[in-house]
Amino acid sequence: MPIAAGAVPSLGTGDAEVEEIVARRAVTPLFQPLVHLSSGETVGFECLARGPEGSSLRAPGALFAAAARAGLLGELD
């Protein structure tokens, strides 16, 4: 059966919300500077992931836990 335009195909893991987030690539990257304490110089950045605003999976702990349960950690990464 063809997938309707705009529909997200199921990845078959049973957790629809995390499946949709992964399928739509709806993860927001945030970049936190790493600062050398004595000089104040930015020496790099740490990339942080957040789920969609308003989602029950907005927080990274919830997002990655749901992805782990669904077998989607590799895809989320």
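Laboratory data are not the source of any read-out in this text; all were calculated from the coordinates shown. This is a predicted model, so every value here is computed, not measured. Here the Cβ positions follow ideal geometry from the backbone for every residue, glycine too, while neighbour counts run over all protein chains shown.
A few notes on this one:
- In order along region 60-72, the phi-based Karplus estimate (6.51 cos²θ - 1.76 cosθ + 1.60, θ = phi - 60°) of 3J(HN,Hα) comes to x, x, 5, 4, 6, 5, 5, 5, 5, 4, 8, x, 10 Hz; Gly and Pro are listed as x.
- By average C-beta atoms within 10 angstrom, highest first, the peptides 18-25, 36-43: 18-25, 36-43
- Listed peptides 49-56, 62-69 appear in the order 62-69, 49-56 once ranked by packing, highest mean of other Cβ atoms within 10 Å at the front.
- The stretch between Ala65 and Ser38, if pulled fully straight at 0.36 nm per residue, gains 6.1 nm over its current Cα-Cα span.
- Taking Lys and Arg as +1 and Asp and Glu as -1, the other residues whose beta-carbon sits under 15 Å from that of Leu48 total -1.
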